[in-house]
Amino acid sequence: MNPDGAAALALNALVWTLGEPSRADRLLALTGLDPTDLRTRANDPAVLGAVLGFLESHEPDLIACAEDLGVAPDRLVRANALLSA
């Protein structure tokens, strides 16, 4: 996986995360991000890493997201490691 692939996967994970209001609220509360941050910095590796880190911290969400995106959960974890490096 390259940085562009990791970013694309993280953007898809962000869209998935925001698809459920309670999960989106939890993302904002736990990461300290706000809706403006997400709109203006959606391509920022730090923001994308925060989204993936959020998913990693709650395994049921990580697995559900991976299933919906059609990838193995470890791809999300590897994408986070790449974006956070």
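The values are calculated or read from the model by the stated rules, or taken from the named source; none is laboratory data. The shown structure was predicted, so the numbers you read here are calculated from the model rather than taken from an experiment. Neighbour counts are summed over all protein chains in view; Cβ atoms, including those assigned to glycine, are modelled from backbone coordinates with ideal geometry. For the accessible areas, the whole protein counts, side chains as well, though only heavy atoms, and no ligand, DNA or RNA atoms are used. Shrake-Rupley method; radii C 1.70, N 1.55, O 1.52, S 1.80 Å.
Residue by residue, here is whether (1) within 19 Å of residue 71 (Cβ to Cβ); (2) over 12 Å from the mean Cα position of the chain (by Cα); (3) part of a helix (DSSP H, G or I) holds:
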| site | (1), (2), (3) |
| --- | --- |
| 6 | yes, no, yes |
| 11 | yes, no, yes |
| 14 | yes, no, yes |
| 33 | no, yes, no |
| 36 | no, yes, yes |
| 39 | no, yes, yes |
| 43 | no, no, no |
| 48 | yes, no, yes |
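Of the set (1) in contact (Cβ under 8 Å) with a residue 12 or more places away in the chain; (2) open to solvent by 40 Å² or more (accessible area, probe 1.4 Å), all apply to residue 17 but (2). Note on region 56-79: residues that are under 17 Å from residue 5 (Cβ atoms), in a helix (DSSP H, G or I) and hydrophobic (A, V, I, L, M, F, W, C) amount to 6. The set of residues in region 36-85 that are touching a residue at least 40 places away in the same chain (Cβ under 8 Å), more than 12 Å from residue 12 (Cβ to Cβ) and loosely packed, with under 15 Cβ neighbours inside 10 Å is empty. For residue 12, the conditions (1) at pLDDT 95 or above; (2) open to solvent by less than 50 Å² (accessible area, probe 1.4 Å) all hold with the exception of (2).
Just the residues that are surrounded by fewer than 14 Cβ atoms within 10 Å (Cβ to Cβ) and assigned to a helix (DSSP H, G or I), please, taken from region 20-31. Steps first, answer last, please.
Of region 20-31, the ones surrounded by fewer than 14 Cβ atoms within 10 Å (Cβ to Cβ) are 20-22, 25, 29-30.
Answer for region 20-31, where residues must be surrounded by fewer than 14 Cβ atoms within 10 Å (Cβ to Cβ) and assigned to a helix (DSSP H, G or I): 21, 22, 25, 29, 30.
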